[in-house]
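Written below as structure tokens is the structure these notes are about.
The values are calculated or read from the model by the stated rules, or taken from the named source; none is laboratory data. The shown structure was predicted, so the numbers you read here are calculated from the model rather than taken from an experiment. No Cβ is skipped: glycine too gets one built from the backbone with ideal geometry, and neighbour counts run over all protein chains shown. Side chains included, ligands, DNA and RNA excluded: accessible areas come from the protein's heavy atoms. Shrake-Rupley method; radii C 1.70, N 1.55, O 1.52, S 1.80 Å.
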Amino acid sequence: MKLYPICINTFRETVRDRILYSLLAFALLMIGSTVYLATLTIAEHVKLVTDFGLAAISLFGVIVAIFVGIGLVFKELDKRTIYTVLSKPIPRYEFVLGKYLGLLLTLLVNLTIMATGFILVLKLFGDVLTPSLFWAIYFIYLELMVITALTIFFSSFTTPTLSAMFTLGLFVIGHLSLDLKLLGAKSESLMVRYLSKLIYYSLPNLENFNLKGVVVYQMSVSPEKILLVTGYGLLYVMVLLVLAMVIFQKRDFK
């Protein structure tokens, strides 16, 4: 099984990308800037730091997942190394899965670095670290798993530019799907109501992974929510990866 070498090679390839370090440095700078922003408020500065820090981690994680992920397959095609790889006894599904796992490993390292910097900023303000904070970071990683799967799915059949546009579009819609459903339910048009429901139930509801409000107000996260959201995220990842593997298997690279 060649899954492990593909995964490690993908990880090494992505960590050598200069864009990755630029994004990571900028993310840490944004998280650190919350120290200055908090001085602009009279009270509840910890809430501001928490909300802004988690939003920065999520945003830059998504940017890395998209703009690094879309190049994984395209670089292989551009350099024509994919012909060498696929000429070996490597199933195409292992190639896709290995690329996905390698990018997840890269995101895990980046998320760990950003989360460590964020926690240090919170400790600077004397904030008490609650379990919900760590669950929020875990949920962010689940969301990144879904975003990465979307990126791999679109990269399996279209260009990097379109892959980025489609994934960014679904990221925005995924955080607004509930609002679109509620807005559509108030419409007098039957088509609009059905369309809003279709969008809500067919596209990933990424707002499920958002725990910023829970952390800010120091609320607890129930075990049921953790299990449901984890299952929800893994199900979407599985479906997207299977579709990507099927498309990639039938794709003609000649």
Accessible surface ranking that places the most exposed of Met191, Met245, Met165, Met114 first, with a 1.4 angstrom probe: Met191, Met165, Met245, Met114
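Would you mind putting 174-184, 202-212 in packing order, based on average other-beta-carbon counts within 10 Å, highest first? Write out the running numbers ahead of the final one.
On the way: 174-184: 16.2, 202-212: 18.6.
So the order, starting with the most tightly packed, is 202-212, 174-184.
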Highest mean packing first, using Cβ neighbours within 10 angstrom, the peptides 151-161, 221-231 sort as 151-161, 221-231
Taking N as its residue count, the alpha carbon Rg of region 188-254 over 2.2 N^0.38 Å: 1.62
Can you pull the three principal axis extents for the Cα set of region 104-200, in Å, largest first? 53, 35, 17
Averaged over all viewing directions, the convex hull of the alpha carbons in region 86-125 casts a projected area in nm² of 2.9
Give a residue-ordered list of calculated ³J(HN,Hα) values for region 63-71 (Karplus: 6.51 cos²θ - 1.76 cosθ + 1.60, θ = phi - 60°; whole Hz; x for Gly, Pro). 4, 5, 4, 7, 7, 8, x, 5, x
How large is Rg over Rh for region 173-212, taking Rg from the Cα atoms and Rh as the Kirkwood inverse mean of 1/r across Cα pairs? 1.03
Against the 2.2 N^0.38 Å scaling, with N counting residues, where does region 134-254 land? I'd like the Cα-based Rg ratio to two decimal places. 1.21
A 24 angstrom limit on the alpha carbon distance is what I want to check against. Which of Lys99/Lys225; Lys181/Lys212; Lys2/Lys75; Lys99/Lys250 exceed it? Lys99/Lys225
Would you mind computing, in nm to one decimal, how far apart the modelled labels at Val128 and Asn9 are, each placed 7 Å from Cα along Cα→Cβ? 5.1
